[in-house]
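The values are calculated or read from the model by the stated rules, or taken from the named source; none is laboratory data. Note that the coordinates shown come from a computational prediction; the quantities given were computed from them, not determined experimentally. Cβ placement follows ideal geometry from the backbone for every residue including glycine, while neighbour counts extend to all protein chains displayed. These area figures cover heavy atoms from the full protein model, side chains too; ligands, DNA and RNA do not enter into them. Shrake-Rupley method; radii C 1.70, N 1.55, O 1.52, S 1.80 Å.
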Amino acid sequence: MKLLIARLNHETNTFSPVPTPLQAFAPDYDAAAFQANDGMRTAMAAYIDAARRVGAQCVTPVSAMANPSGPVHAAAYDELTDRIVAAAAGCDAILLDLHGAMVAQHTPDGEGDLLARVRAAAPGVPLGVALDLHGNLTQKMVDHADVMVGFKTYPHVDMYETGEHVARLVLRMLQEGRRHAVRWRPLPLLSHTLRSTTLGGAMARAVMAARQAERDGVPALTVFAGFSLADIEAPCMSVVATVECTPLGEALCAAALDRVAELIWAEREGYVYASEPLAEALARAQTLARGADKPVLLLDHGDNCMSGGTCDTMDVLQAAWRQGLTDIATGPLCDPEAVARLVDAGVGARVSVRLGNKVPLTRLGLTKTPVPVQGTVRAISDGRYTVSGPIYTGQRCAMGRTVWLDAGDTQIVVTEQPHEPWDLGVFSCVGLAPRDYRFLLLKSRMYCRPVFVPLSAGLVECDSPGVTSSDYRLFPFQHLRQPVYPLGVVTNFPS
């Protein structure tokens, strides 16, 4: 038995100025792709383990993941997808670890086009796909897969388990002759990422309903929140099921899809996030900090690199300074120009540097001004660390050259590359202990929470004018099909 196993992940923010060339994916090919996932917590790792259990041969043409950013360069998309398509012929089953919200320069439906090509290269071969909870599903994706399962957690801590689920159903097709297909219910609902957490609220209830449908006999049912910062036709929520291709299976699946879709629509207000004015959010943080023996966590979700942010805007830090917040630790802040200046100065040097706000947000019509900062270089490192978990456990990370700049009342970790603060390693790699400060400012929405929330006295979400803001008024959508809730009044769903 020969299994094609591949990973290609990118969540595309079409408003992001951050480019996505081939090198952004740092792709591994063939044996290196196998080694990059074996023993990890990715869906591809689960595929490898499943293949090992049944004694199957693994064909692993590519493993590539880029941080969310602007549209994938056409040459990069073609290079990576061509390798997967070329490996499909002669395989007994195909297991793909994709994201579901990829837009390339020459296609708005990266995954749909890939699946159609793979299906054409290997007609009749069972094809299973694991997707991110924030996938933007399309009819082409649904039409060209036999099995489709998405994450049921955000923060995403079930990537491996999702891969196990896909592999189980695909192997059942091979070993038992079962027939599966994918069915779905798209909704005209543009959800906010901060309302897609499965830790509570409407999304948690929808996922509970999906899990119940699986307990009741649906092979797989997923609620996809969608990724709304993509200017495509429908970056919206959807409910997707893998169905047993029998009359009873189809009926069971249709009823479950309708039930979960109707639940989501009835609670549609629960997927809308209203940002608190920044000054009010910071005032609330000051109140939380009084008498606290742990830092208050400030999350700048308007510049989150894991949604396509530049990781260099200074709005929240400047607002904090204006309101008199002191004893702040913050980072990573991406500014390669400042890093070069600080490294040249050396540890112990007193320096003046223009920091951040250097990447124009052209799609939003915003240009910011770098901020003059004076401080002392406390430490310099290569910015490498290993994630301790629970997200991307064991993954080796590199932020480029990394500097701890001591600006008196604020300690700033400055890096050469944008990086999500999903681990204490972003600070410990330069010897900074974030627990020691009154406020901890991170550019993040959700990934940081499993690690940093337990260390904090409270959490305050801070919106800022960036390409991952929760304020849809900032985004000049051109291709979005209207009406869509909450940007317009929708009266015809459910039918």
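Note on the chain: antiparallel DSSP beta bridges, both residues inside, total approximately 45 percent of the bridges counted.
Placing Lys358, Lys443 in order of accessible area, with the largest value first and a 1.4 Å probe, yields Lys358, Lys443.
With contacts taken as Cα pairs under 8 Å and at least 6 residues apart, the chain reaches a relative contact order of 16 percent.
The label point for Ala120 and the one for Arg481, both projected 7 Å from the Cα toward the Cβ, are 2.3 nm apart. Residue order by solvent-accessible surface for His106, His165, His10 is His106, His165, His10, largest first, with ligands and nucleic acids left out and a 1.4 Å probe.
Test of understanding: extend the Cα→C-beta vector of Thr393 to 7 Å, then name every residue of the stretch 413-438 with backbone N under 17 Å from that spot. Zone members listed by number: 422-425. Using R0 = 45 Å, the C-beta based FRET efficiency linking Arg284 and Asp38 works out to 0.50.
Between Asp293 and Gln318, the FRET efficiency from the beta-carbon distance, with R0 = 25 Å, is close to 0.35. For Glu267 and Ser428, the FRET efficiency from 1/(1 + (r/R0)^6), where r spans their Cβ atoms and R0 equals 51 Å, is about 0.80.
Quick check on the stretch 25-173: take the gyration tensor over C-alpha atoms, sort the square-rooted eigenvalues as a ≥ b ≥ c, and tell me if it's rounded (a/c under 1.5), prolate or oblate. Because its axes are fairly even, with a/c under 1.5, the stretch 25-173 counts as rounded.
Under a plain spin-label model, where a point goes 7 Å from the Cα along Cα-to-Cβ, how far apart in nm are Gln57 and Tyr472? Each label point lies 7 Å from its Cα, and together they span 5.1 nm.
For the stretch 108-159 and the stretch 404-432, what is the separation of their C-alpha centers, rounded to whole Å? Centre-to-centre distance over Cα atoms comes out at 36 Å. Measuring with a 1.4 angstrom probe and ignoring ligands and nucleic acids, His99 comes out at about 20 Å² accessible.
Net charge dipole, the stretch 159-276: roughly 280 debye, given to the nearest 20, about the Cα centre with Cβ charges of +1 for Lys and Arg and -1 for Asp and Glu. Gain on full extension, evaluated as 0.36 nm per residue between Lys2 and Leu174 minus their Cα-Cα distance, stands at 60.8 nm. Rolling a 1.4 Å probe over the protein chains gives Trp321 an accessible area of about 90 Å². For the stretch 85-226, a simple Cβ point-charge model (Lys and Arg +1, Asp and Glu -1, everything else neutral) yields a dipole of about 400 debye relative to the Cα centre. Note on Glu161 and Gln105: the model spin-label points, each 7 Å out from Cα along the C-beta direction, lie 4.0 nm apart. Can you tell me how much longer the chain between Val371 and Phe493 gets when fully stretched, taken as 0.36 nm per residue apart minus their C-alpha distance, in nm with one decimal? Net length gain for the segment: 39.1 nm. Would you work out if the stretch 118-174 is rounded, prolate or oblate? Take a ≥ b ≥ c from the square roots of the eigenvalues of the alpha-carbon gyration tensor; rounded if a/c is under 1.5, else prolate when a/b is larger than b/c, oblate otherwise. Note, shape of the stretch 118-174 comes out oblate. Multiplying the residue separation of Arg384 and Ala74 by 0.36 nm and subtracting their alpha-carbon distance yields 108.6 nm. Residue-wise HN-Hα couplings along the stretch 458-468, as the Karplus relation 6.51 cos²θ - 1.76 cosθ + 1.60 with θ = phi - 60° gives them from phi, are x, 10, 10, 7, 10, 8, 9, x, x, 7, 10 Hz; Gly and Pro carry x. By DSSP, the beta bridges lying fully in the stretch 1-122 are antiparallel in about 15 percent of cases.
Farthest towards the positive end of the charge dipole of the chain, among the residues Ala33, Gly55, Phe151, is the Cα of Phe151, using unit charges on the Cβ of Lys, Arg, Asp and Glu. If you average the alpha carbon positions of the stretch 20-54 and of the stretch 178-218, how far apart do those two centres end up, in angstrom? Each part's Cα centre sits 27 Å from the other's. Computed about the Cα centre, the dipole magnitude for the chain is approximately 420 debye when only Lys and Arg (+1) and Asp and Glu (-1) carry charge, each at its Cβ.
The stretch 434-495 and the stretch 223-261 have their alpha-carbon centroids 24 Å apart.
For the stretch 296-395, what does the relative contact order come out to in percent, with C-alpha contacts under 8 Å and a separation of six or more?
Relative CO of the stretch 296-395 lands at 21 percent.
Overall form of the stretch 326-429: oblate. Here a/c, set by the Cα gyration tensor axes a ≥ b ≥ c, is 1.5 or more, and a/b is not larger than b/c.
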